[in-house]
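> Here it is, the structure, as structure tokens.
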Amino acid sequence: MFVPGLIQGRWLDTEDLEALRGLIAEHPHWSRRRLSIALCEVLDWRTASGQLKDMSARLLLNKLAEGGFIELPPRQRGGGRRVLRALWEPELFTLSAGGGDLIQGPLGTLQPLEVIAVEPRTSQANAFVWHLGQHHYLGYGGAAGQNLRYLLRDCYGRDLACVLFAAAAWKVKARDAFIGWSAQQRQERLSLIINNSRFLILPHVRVPHLASHILGTILRRVRSDWQRKYQVAPCLAETFVERERFGGVCYRAANWLRVGQTCGRSRHDRDRTLRVPIKDIYLYPLCSDFKERLCA
């Protein structure tokens, strides 16, 4: 029996469910992606900048299907996530000057650093994908939804680091307690938080204080960059640091605040049996009145 409630951050009642079932019945040949786009349009489910929340709609559809409330069309052949071209066509990627040669020495000898806001289908985008895919312990298959990608180079044009910001995690106990907002406030203002989901210093780059310097440099511009791209000015950044791998030293040096740790369960762990690495939760205010803005 369906019980109205919040699903994927969206309130869904019986009338909404019946409308969705009717949509599926009227268009049996639609793909799952086409169905998710139509759902966004029917519910007027959009980001603050007006973009359809296609990925959120797809997750909502999957949850309803798993609960037996709807039947989704079969997955189409050739569907699913494609491997990014920069990973399977290495000729698209050209190593920057210096290649993988060791880069070391004082930070001052590399300055001024060049901060590149990566645009799609550019050589910088290929480099960004390649570096994360090859060297980040989580890998990289692309960023869904809103995101900002940065590629850092030294004054000689050599690649040093990659930084990715994306949408915030939906529910984080320590973060939400630190902010002090209600579930309703979180639902309405989560778009004001961004997540530093990837940060990579290339393995052949060994320069003291570089990581914290890069974080400070990016944090001074990420709010305006995000607002320029999505017409929303975020007021808080978050990140999760896996405790068994990293000490979070560069984040603390860049004045991020450690507010707690994750509980060691995956968001997909409905039965509370799957254990995942515990991560420290760090936050960085992007404006002085961030709590007032988030709890307004």
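Nothing in this text is a laboratory measurement; each read-out follows from the coordinates by a stated rule. No experiment lies behind these values; they were computed from the predicted model shown. Every residue, glycine among them, receives a Cβ derived from its backbone with ideal geometry; neighbour counts consider all protein chains shown.
> Modelled label-to-label distance, I278 and A117, 7 Å Cα→beta-carbon offset: nm?
Label-label distance for I278 and A117, simple model: 3.9 nm.
> Then there is this: Hey, what angle do you get for helix 210-219 against the long axis of the chain, alpha-carbon based, 0 to 90 degrees rounded to 10?
Value to nearest ten degrees: 50.
> Taking 7 Å along the Cα-to-C-beta vector as the label spot, tell me the N62-R206 distance in nanometres, rounded to one decimal.
If labels sit at N62 and R206, their model points lie 4.0 nm apart.
> Also, quick follow-up: Before rounding to the nearest 500, sum -39500 (n - 2.57) across all DSSP H runs of length at least 4 in the chain and divide by the residue total; then give [θ] at 222 nm in deg cm²/dmol.
The helix-only estimate for the chain comes to -9500 deg cm²/dmol at 222 nm.
> Expected output is a single nm value to one decimal: the length gained when fully extending between D101 and A177, i.e. 0.36 nm times separation in residues minus the C-alpha distance. What is it?
22.8 nm
> Given Y137, N195, A177, which one lies farthest toward the positive end of the charge dipole of the range 115-225, if we put +1 on the Cβ of every Lys and Arg and -1 on the Cβ of every Asp and Glu?
Checked the options; the winner is A177.
> What is the sum of charges around E26, taking Lys and Arg as +1, Asp and Glu as -1, for the other residues whose C-beta is under 13 Å from the C-beta of E26?
Once positives and negatives cancel, what remains is +1.
> Can you give the FRET efficiency for L17 and L138, using 1/(1 + (r/R0)^6), R0 = 25 Å, r = Cβ-Cβ distance, to the nearest 0.05?
Numbers: r = 35 Å, r/R0 = 1.41.
Using R0 = 25 Å, I get an efficiency of 0.10.
> Determine the gain in length on full extension of the stretch V232-V3; use 0.36 nm per residue of separation and subtract their C-alpha separation, reporting nm with one decimal.
Extra length from V232 to V3 when fully extended: 79.1 nm.
> Restricting to DSSP loop positions (anything but H, G, I, E, B) with no more than 15 other Cβ atoms inside 10 Å of their own Cβ, which trypsin sites (Lys or Arg not before Pro) remain in the range 127-204?
Filter output for the range 127-204: K171.
> Considering only DSSP beta bridges where both residues belong to the chain, give the percentage that are antiparallel (nearest 5).
Numbers: 34 of 39 bridges.
Percentage antiparallel, nearest 5: 85.
> What are the lysines whose alpha-carbon lies under 16 Å from the alpha-carbon of K63, with same-chain residues fewer than 8 places away excluded?
The reachable lysines, counting only those whose Cα sits under 16 Å from K63, are K53.
> Given the C-alpha centroids of the range 154-199 and the range 1-34, what is the distance between them in whole angstrom?
29
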